[in-house]
Amino acid sequence: YWGQGRARLDFTPIKPVDMTVDDLTVPKGFDWSPIIRWGDPLFYDSPEFDPKNQSPESQSKQFGFNSDYLDIIPDPNGLTGVLVNNHEYTNENTMFPTGYEKTNLTNMVRTAIQAHGMSVVEITRAKVGEPWTYVRGGARNRRITLTTPFVVDGPAAGSDLLKTQDDPTGRRVLGTQNNCSGGVTPWGTVLSGEENVHQYFITSGIAEEKRYGFPTTMPSRRWPEVEKRFDARIPGYKNEPNRFGWVVEIDPQNPNSAPLKHTAMGRFKHEGANVRVGEDGTVVAYSGDDEKFEYIYKFVSAKKYKEGDKKHNMTLLSEGDLYVAKLKGNSPKKQITGDGTLPRDGEFDGSGEWLPLVKGGKSMIKGMSVERVLVYTRLAADKAGATKMDRPEDVEPSPHTGKVYAALTNNSDRGKEGKAGVDEANPRTGNRDGYILELTERHNLPQATRFDWNLLLVCGDPTKDSGTYFGGFPREKVSPISCPDNVAFDRSGNLWISTDGAPSKIGYNDGLFKVTLDGSERGRVQQFLAVPQDAETCGPVVHDTEGMVYISVQHPGEDGSFEQPRSYFPDYALPTRLEPGEFSMPRPSVIQVFRKNRSNKPQFPGNVS
Ligand code: FEO
Ligand code: CA
Ligand code: CA
Ligand code: CA
């Protein structure tokens, strides 16, 4: 909807913000307000947020914790719409009183289980281009948590590897877990990646579980003590871990629709998934496996996209081919020195190949069935000989050019003894600050099996680090940037990057950055905002034709405690400040940034019913 008109998002970049600042910093002339916070009531019968008396029942009807992936999807009228948000995980140390688990472990675990998952929330505004207010009791409002039934589809649905004592069919899973990033599809659904699912289970430690990092000791959240299905040592639950680590698809317009888990897209620590439709209707989806030395994947649909046929299009990710990326540099190995010095041809670049794991419904990996390739995709990709990357987070095609941008956030182990060394695609030893990889499919065909690539950004603080690179743009004229995580595009063709981890690397709070991709300013990085102390910036949505920017602020003040908060975000934005001693705590939230001169400043805390 927001595609009409000219871009209206010129801004003067903010200066980097020191990592001890507990504020949301936006450019001159802009203001911000929360749309919705952890604990805000979604339904008429939802209890008000009461942090001292939380329960699974109340949390199941309130906005979840640790907001990550975000989309703002306006209806055709531009005045109403839905907000879709992932709730990646919980920070018990800031959510609950210290020592709470000693007497209340069951309540704590079950509340946390309801704080995970996703939210769909209706939003409204008086005028196009103005800020939004969320609608309590909206007809499309929905909480998806770890107890919401999901339908498993694709070639591994019904596999013995997915059956448990509670689900002998292997086709019905309760819940989604550790939903990190995601993407909206051209048919209006939302994809969400189940990422660090290992941290909730205790397992017996078979090789497949180890390859995915599942522990054999009790995880600190202690879920297996309360919910037996997270104890995979119990024979009836040995496959429960296999039921997480997928891409899920939900229809945010229909609160009664069954959410799907797509086994055809493989199982790994999916950061998210993003789709591109080819001219012949073939749909491809890109997805990164966010861990050190993991891979970048591509799914190619068997069926074709049909404009306007959502029911059909929701089957596109259920059947197709799965590939993993192998990258080759074009400069001599000895020119990759590990400190970021460019090779003599002036770029970290080269070509690559998509290696098939499943093709035409058949396994391409010797000794592994299709089901095993899809459930244990990491092991299949190892056998195929894919390139070990530095933590692939968002991998997203530009809707303007089809070029694919991958955030490689960092990898402190690159080049360490016993670990993979540098290569042209991962050229820095102990990669501290991350890269942005730009990938161009051969002939710009989404389903191509070959591609070219280059590193658009070698991140860091250019005033202190000569091993940084900004697409050839003068280093002294950019904002310092570290740990790229989520990417997005505006209608003008610019790339936007949110970061996670900058404070511990370059000493500044995480933020949101615009990167020009075309013309003489290619590679110019400009910081748009900075999030408060300890927070990470997630899910950027940039509606530049309306001059609006939206983000999730995840885990503000995460290093504090319930009794001693390190952040009061975002309630310091309340029109009336809290009285001294009045209870306040950091609350992960969805934020909108808008021009100051907008007529109707949103009400906050705002909800209309
Ligand atoms: Fe959940 Fe890869 O960040
Ligand atoms: Ca080169
Ligand atoms: Ca992320
Ligand atoms: Ca991250």
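Every number here is computed from the coordinates shown, using simple stated rules; none is lab data. Remember, it's a predicted structure, so these values are computed and weren't measured experimentally. Positions of Cβ are backbone-derived with ideal geometry, glycine not excepted, and every protein chain shown enters the neighbour counts.
List pairs: first residue in segment 486-503 and within 14 Å of ligand 1 (Cβ to nearest atom), second residue among the acidic types (D, E) and outside any loop (DSSP other than H, G, I, E, B) anywhere in the structure, Cβ distance under 6 angstrom, at least six positions apart or on different chains.
N486/D394; V487/D394; V487/E396; S498/D485; T499/D485; D500/D485; D500/E536
Restricted to segment 486-526, and to residues that are of a type in the set (F, W, Y) and within 16 Å of ligand 3 (Cβ to nearest atom), which residue is nearest to V404 (Cα to Cα)?
The extreme case among them is W496.
Would you pick out the residues in segment 8-44 that are more than 19 Å from F569 (Cα to Cα) and of a type in the set (D, E, K, R)?
Within segment 8-44, R8, D10, K15, K28 qualify.
Filtering segment 317-341 down to residues that are within 28 Å of A380 (Cβ to Cβ) and either basic (K, R) or within 16 Å of ligand 4 (Cβ to nearest atom) (or both), which residue is surrounded by the most Cβ atoms within 10 Å (Cβ to Cβ)?
K326
Restricting to segment 496-526, what's the tally of residues that are polar (S, T, N, Q), in contact with a Gly (Cβ under 8 Å, 6 or more places away or on another chain) and crowded, with 24+ Cβ neighbours inside 10 Å?
As a first pass, look at segment 496-526 and keep what is polar (S, T, N, Q): 498-499, 504, 509, 516, 520, 526.
Still in the list and also in contact with a Gly (Cβ under 8 Å, 6 or more places away or on another chain): 498-499, 516.
Narrowing further to those that are crowded, with 24+ Cβ neighbours inside 10 Å: 498-499.
Going through segment 496-526 one residue at a time, the tally reaches 2.
If you check every pair at least six apart or on different chains, which have Cβ atoms under 6 Å apart with a residue in segment 312-333 that is closer than 14 Å to R450 by Cα and in a strand (DSSP E or B) first and a residue that is of a type in the set (K, R) and more than 16 Å from ligand 4 (Cβ to nearest atom) second?
Y323/K298
Scanning segment 409-426 for residues that are buried (at least 18 other Cβ atoms within 10 Å of the Cβ) and polar (S, T, N, Q), which turns out nearest to ligand 1 (Cβ to nearest atom)?
Ranking the candidates gives T409 first.
With the condition being in contact with a Pro (Cβ under 6 Å, 6 or more places away or on another chain) and small (G, A, S), I'd like the strands (runs of 3 or more DSSP E) fully within segment 257-298 carrying at least 1 qualifying residues.
282-288
Can you give me the ranges of the strands (runs of 3 or more DSSP E) entirely in segment 66-154 with at least 1 residues that are of a type in the set (F, W, Y)? Show your work before the answer.
Details: elements: 67-74, 80-87, 117-124, 133-135, 142-144, 149-153.
By residue number, 67-74, 133-135, 149-153.
Any chance you could count how many residues in segment 91-120 are on the phi > 0 side of the Ramachandran plot and free of Cβ contacts under 8 Å to residues at least 12 places away in the same chain? Talk me through it step by step, then tell me what you get.
Restricting attention to segment 91-120, the residues satisfying the condition of being on the phi > 0 side of the Ramachandran plot are 99, 117.
If we keep only those that are free of Cβ contacts under 8 Å to residues at least 12 places away in the same chain too, we end up with 99.
Qualifying residue count, segment 91-120: 1.
Every residue, every condition in (1) more than 16 Å from ligand 3 (Cβ to nearest atom); (2) closer than 20 Å to K333 by Cβ, yes or no:
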residue	(1), (2)
R372	yes, no
A380	yes, no
M389	no, yes
V395	no, no
S398	yes, no
Y405	no, no
L408	no, yes
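Look at segment 486-513 and say how many of its residues are in a strand (DSSP E or B) and not small (G, A, S).
We begin by selecting, within segment 486-513, every residue in a strand (DSSP E or B); these are 486-489, 495-499, 508, 511-513.
Then drop every residue that is not not small (G, A, S), which leaves 486-487, 489, 495-497, 499, 508, 512-513.
The total comes to 10.
Exactly one condition in (1) more than 16 Å from ligand 3 (Cβ to nearest atom); (2) touching a residue at least 40 places away in the same chain (Cβ under 8 Å); (3) within 23 Å of E393 (Cα to Cα) is false for P215; which is it?
Tallying (1) more than 16 Å from ligand 3 (Cβ to nearest atom); (2) touching a residue at least 40 places away in the same chain (Cβ under 8 Å); (3) within 23 Å of E393 (Cα to Cα), P215 fails exactly one: (2).
Conditions (1) in a loop (DSSP other than H, G, I, E, B); (2) out of contact with any Gly (no Cβ under 9 Å at 6 or more places or on another chain); (3) more than 15 Å from Q177 (Cα to Cα), marked per residue:
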site: H198; (1), (2), (3): no, no, no
site: S204; (1), (2), (3): yes, yes, yes
site: E208; (1), (2), (3): no, yes, yes
site: T216; (1), (2), (3): yes, no, yes
site: S220; (1), (2), (3): yes, yes, yes
site: P241; (1), (2), (3): no, yes, no
